[in-house]
């Protein structure tokens, strides 16, 4: 029998309360199954269909594909994706009424909560549209992306993919690429009292690392800088001996191309070290700009998107979410409840915008027009009065082209 603390309430109407429920379930990487089961039962209880896809490498871990109608490839036109795993350690939720703190609050259980509530709202408001919407919740994003790699075997071919990560309610316009390498240097061991008899691998490695740190890596005004982090250094066998071996693990965040970075790295190393590239790489990913008034930015963190094999066939690829990556993985990881609620609204808007060419005008157009004076738009007087929007119809929908024609016909 499932522990009562791991059950999710299908009747919960507050997204922040739902988030605390899923945060109460430990789903640190490689331990996602309890959350996977809880979400399966939650969706099945409200009439959605769930495919539980086991990993070939570990059949006790499952991705979830959640749809409003039985799945048949190529699947839903609009797919929302994020990950169930969190980095360790497990830190339970603390909700003070304004902020929710704890592990996964923004990376990425907050994104799960926002997407779940957006999907259910779409189903309530437009059951036909909901047939074109799905959620793909994967395991192991924080470790090796094997969940998304496995999900490719489902045959999904959506037109639009929305990846949920903490982006401070801004849309990513570029996800930096990644290059992970290990430099391995070999020396000659000798007694430290007689250094002329040997060659320190550590000394050789430090010289190379200093050149890497001082090198001017590629940068782009709009896309930002390529950065490098030296995450691990190891070497040596004793304090009184010259190191026979030394190594350094590095992570490049790339704005140009992985080939460009590796070529420059090879020139710097110049044969003084072995460059182990087996730890993986992926190219930068250009993302779809959101409709106005939403903002966009470059993101420097990695996601599952580069591992989705159908990404080049997408009409739109979005990266978006509430919360800040700057607090993710930390003791201060948190999400503002107000931002969590906004994320639900924006997910609904973008889904409708892409699939129907519609949007909530009282969110999109009020904000858009607030960024432009009425004079800029050639509208005399108060635009609210002039356009004649009925503020009581908060969720009224209009085709965008018709709405703009209607707007300017009034001028």
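I want to confirm something. Restricting to the stretch 154-193 and keeping residues that are on the phi > 0 side of the Ramachandran plot and either modelled with pLDDT under 95 or out of contact with any strand residue (DSSP E or B) (no Cβ under 7 Å at 6 or more places or on another chain) (or both), which single residue is surrounded by the most Cβ atoms within 10 Å (Cβ to Cβ)? So that I can check it myself, show each step before the final result.
If we filter the stretch 154-193 for residues that are on the phi > 0 side of the Ramachandran plot, which is where we start, we get 155, 168-169.
Restricting the remaining residues to those that are either modelled with pLDDT under 95 or out of contact with any strand residue (DSSP E or B) (no Cβ under 7 Å at 6 or more places or on another chain) (or both) gives 155, 169.
Working: 155: 12, 169: 18.
By that ranking, first place goes to 169.
Quick test for you: out of 92, 104, pick the one residue that is at positive phi and either in contact with a helix residue (DSSP H, G or I) (Cβ under 6 Å, 6 or more places away or on another chain) or surrounded by fewer than 23 Cβ atoms within 10 Å (Cβ to Cβ) (or both).
Working: 92 fails: at positive phi.
Going through 92, 104 in turn, just one is at positive phi and either in contact with a helix residue (DSSP H, G or I) (Cβ under 6 Å, 6 or more places away or on another chain) or surrounded by fewer than 23 Cβ atoms within 10 Å (Cβ to Cβ) (or both): 104.
Rundown of residues vs (1) buried (at least 17 other Cβ atoms within 10 Å of the Cβ); (2) in contact with a strand residue (DSSP E or B) (Cβ under 8 Å, 6 or more places away or on another chain); (3) in the same structural domain as residue 83 (by TED's automatic domain parsing), yes/no style:
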residue	(1), (2), (3)
234	no, yes, no
264	yes, no, no
277	no, yes, no
297	no, yes, yes
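State which residue is nearest to the chain's Cα centre (by Cα) when the search covers only the stretch 194-225 and only residues that are modelled with pLDDT under 95 and not in a strand (DSSP E or B).
Here the answer is 223.
Yes/no per residue for (1) more than 30 Å from residue 193 (Cα to Cα); (2) assigned to a strand (DSSP E or B):
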{"site": "232", "(1), (2)": "no, yes"}
{"site": "248", "(1), (2)": "no, yes"}
{"site": "252", "(1), (2)": "yes, yes"}
{"site": "262", "(1), (2)": "yes, no"}
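Could you name every one of the strands (runs of 3 or more DSSP E) located completely within the stretch 270-341 that has at least 1 residues being closer than 23 Å to residue 101 by Cα and touching a helix residue (DSSP H, G or I) at 6+ places or on another chain (Cβ under 9 Å)?
On the way: elements: 274-276, 296-299, 316-320, 334-336.
Filter on the stretch 270-341 gives 316-320, 334-336.
Based on what the data block shows, is residue 289 in the same structural domain as residue 311 (by TED's automatic domain parsing), closer than 30 Å to residue 161 by Cβ and surrounded by fewer than 16 Cβ atoms within 10 Å (Cβ to Cβ)?
It is true that residue 289 is in the same structural domain as residue 311 (by TED's automatic domain parsing), closer than 30 Å to residue 161 by Cβ and surrounded by fewer than 16 Cβ atoms within 10 Å (Cβ to Cβ).
Determine whether the stretch 22-36 contains at least one residue that is in contact with a strand residue (DSSP E or B) (Cβ under 9 Å, 6 or more places away or on another chain), farther than 23 Å from residue 334 by Cβ and in the same structural domain as residue 140 (by TED's automatic domain parsing).
Of the stretch 22-36, the ones in contact with a strand residue (DSSP E or B) (Cβ under 9 Å, 6 or more places away or on another chain) are 23, 26-29, 32-33, 35-36.
Remaining after also requiring farther than 23 Å from residue 334 by Cβ: 33, 36.
Applying the additional criterion that residues be in the same structural domain as residue 140 (by TED's automatic domain parsing) yields 33, 36.
Yes, the stretch 22-36 has at least one match.
Restricting attention to the stretch 299-309, which residues are modelled with pLDDT of 90 or more and surrounded by 15 or more Cβ atoms within 10 Å (Cβ to Cβ)? Explain how you work it out, then say what you get.
Residues of the stretch 299-309 that are modelled with pLDDT of 90 or more, as a first pass: 299, 303-309.
Correct list: 299, 303, 304, 305, 306, 307, 308.
Tell me which residues, restricted to the stretch 69-99, are part of a loop (DSSP other than H, G, I, E, B), in contact with a strand residue (DSSP E or B) (Cβ under 9 Å, 6 or more places away or on another chain) and under 30 Å from residue 354 (Cβ atoms).
Once the filter is applied, which keeps residues that are part of a loop (DSSP other than H, G, I, E, B), in contact with a strand residue (DSSP E or B) (Cβ under 9 Å, 6 or more places away or on another chain) and under 30 Å from residue 354 (Cβ atoms), the stretch 69-99 yields 69, 70, 71, 75, 76, 77, 84, 85.
I'd like to verify a number: residues in the stretch 32-51 that are part of a strand (DSSP E or B) and surrounded by fewer than 15 Cβ atoms within 10 Å (Cβ to Cβ), how many?
Residues of the stretch 32-51 that are part of a strand (DSSP E or B), as a first pass: 49-51.
Then keep just the ones that are surrounded by fewer than 15 Cβ atoms within 10 Å (Cβ to Cβ); that gives 49.
So the answer is 1.
Of the residues in the stretch 141-173, how many are under 20 Å from residue 105 (Cβ atoms) and in a loop (DSSP other than H, G, I, E, B)?
Residues meeting the conditions: 8.
Going by what's in this entry, would residue 251 be described as in contact with a strand residue (DSSP E or B) (Cβ under 8 Å, 6 or more places away or on another chain), surrounded by 21 or more Cβ atoms within 10 Å (Cβ to Cβ) and at pLDDT 95 or above? First the steps, then the outcome.
On the way: in contact with a strand residue (DSSP E or B) (Cβ under 8 Å, 6 or more places away or on another chain): yes; surrounded by 21 or more Cβ atoms within 10 Å (Cβ to Cβ): no; at pLDDT 95 or above: yes.
When the stated conditions are applied, residue 251 does not pass them.
When the residues of the stretch 348-365 are filtered to those that are farther than 12 Å from residue 294 by Cβ and modelled with pLDDT of 50 or more, which remaining residue is surrounded by the most Cβ atoms within 10 Å (Cβ to Cβ)?
Looking at the filtered set, the residue picked out is 351.
The values are calculated or read from the model by the stated rules, or taken from the named source; none is laboratory data. This one's a predicted model, so the numbers in the text were calculated from it and none came from an experiment. A quick note on method: Cβ atoms are made from the backbone with ideal geometry, for glycine too, and the neighbour counts reach across all protein chains shown.
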